[in-house]
Amino acid sequence: MRKLNDAIDRFCALHPKLAIPGLMRYIVGANAVLYVLSLFAGAGTLNFLALDISRVLHGELWRLITYVLLPTNGSIWLIISLVFYYWLGETLERMWGSAKFTFYYVGGTLLTALGLLAAYLIDGVHTSLWGAYYVNMAMFFAYALSFPDAMVLLLFIPIKMKWLALLDAALFAADIFRAAAAGAWGIALMPIIAMLNLFIFFSPDFRRRADQVLYRARPQAVQFRKAVREQQKQKGYNHKCSVCGRTDTDYPDLQFRYCSKCAGYHCYCQDHIFNHTHFTE
């Protein structure tokens, strides 16, 4: 996964002309326009844009892309969802750059179509897909992984993105297990395929987090945390610089780090972490 992720980064860097700057503006604008059109002409007039695998297999290839332009709800909820996903997309585009964000969004669009194809071939599911639900969910999880402590309002209640993402992930997993339990393996596989871009883009991050969990479970790390807690109880501070003696209690704005090259556990302030003589015993 890491090599594939690096290859995507190189591809995006070498082909900036494939980017669609402000992609979410076009997606959101198309959703709004098509919703207004459906009010006058009826939702059925937009069926030629929906993702229908049987139609795609008969040559209607535009459906692989155009289904994400279709609104899936109306009135105030449409406005809220469009504003929310516009905000997510614009933030990710500023962080990644237009080329990488375009690759992520379009890749998710095609992977969703591939997932529906799997459901069609395995379970014989014959249905039309409207809207970018899986694509938007992949975008939401990407934002939550990048900014886990960002605050959003859920029914006017402030909540961090990481907790909202965990809730959505649990509901997502429940849907997959229900489909698998019912023997609908194609339907269970569909959301997994649709989310592959998330796993590819964030595979290094997943690996890093797994390594952190394993590291924290090591006996040495457990012993270190225990020693730090005992020190805090005895001395009344969390960190003390081994060079200048300043503590986080007296100087709460200072940053403190432990030196990995020193023997034992020795803490240093930001002024001495790279400017001290290492302890050898």
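The values are calculated or read from the model by the stated rules, or taken from the named source; none is laboratory data. The shown structure was predicted, so the numbers you read here are calculated from the model rather than taken from an experiment. Cβ placement follows ideal geometry from the backbone for every residue including glycine, while neighbour counts extend to all protein chains displayed.
Here are some notes:
- 3 or more residues under 15 Å from the mean Cα position of the chain (by Cα) and over 22 Å from LEU114 (Cβ atoms): qualifying helices (runs of 4 or more DSSP H) within the range 43-102: 75-96
- Any chance THR66 is more than 26 Å from ALA13 (Cβ to Cβ), surrounded by fewer than 19 Cβ atoms within 10 Å (Cβ to Cβ), at pLDDT 90 or above and of a type in the set (S, T, N, Q): yes
- Test for CYS244: is it at pLDDT 85 or above and either of a type outside the set (Val, Ile, Thr) or not in a helix (DSSP H, G or I) (or both): yes
- Matching entry among ARG216, ARG208 (being more than 20 Å from the chain's Cα centre (by Cα) and either exposed (fewer than 14 other Cβ atoms within 10 Å of the Cβ) or at pLDDT 85 or above (or both)): ARG216
- Residues within the range 1-24 that are assigned to a helix (DSSP H, G or I) and within 20 Å of the chain's Cα centre (by Cα), tallied: 11
- Qualifying position, being under 27 Å from TYR143 (Cβ atoms), surrounded by 13 or more Cβ atoms within 10 Å (Cβ to Cβ), of a type in the set (A, V, I, L, M) and in the same structural domain as LEU198 (by TED's automatic domain parsing), among LEU14, LEU46, LEU117, LEU34: LEU34
- For beta carbons closer than 7 Å, sequence separation of 6+ or different chains, a first residue in the range 65-86 that is within 19 Å of THR109 (Cα to Cα) and a second that is of a type in the set (Val, Ile, Thr), the qualifying pairs are ILE65/THR109; VAL68/ILE27; VAL68/THR109; VAL68/VAL135; LEU69/ILE27; LEU82/VAL28; TYR86/VAL28.
- Cβ-Cβ distances below 7 Å connect the following pairs, each with a first residue in the range 151-179 that is aromatic (Phe, Trp, Tyr), a second residue that is surrounded by 12 or more Cβ atoms within 10 Å (Cβ to Cβ), and a separation of six or more residues or different chains: PHE172/PRO191.
- Any hit, the range 147-158, residues being crowded, with 16+ Cβ neighbours inside 10 Å, assigned by TED's automatic domain parsing to the domain that holds LEU64 and part of a helix (DSSP H, G or I): no
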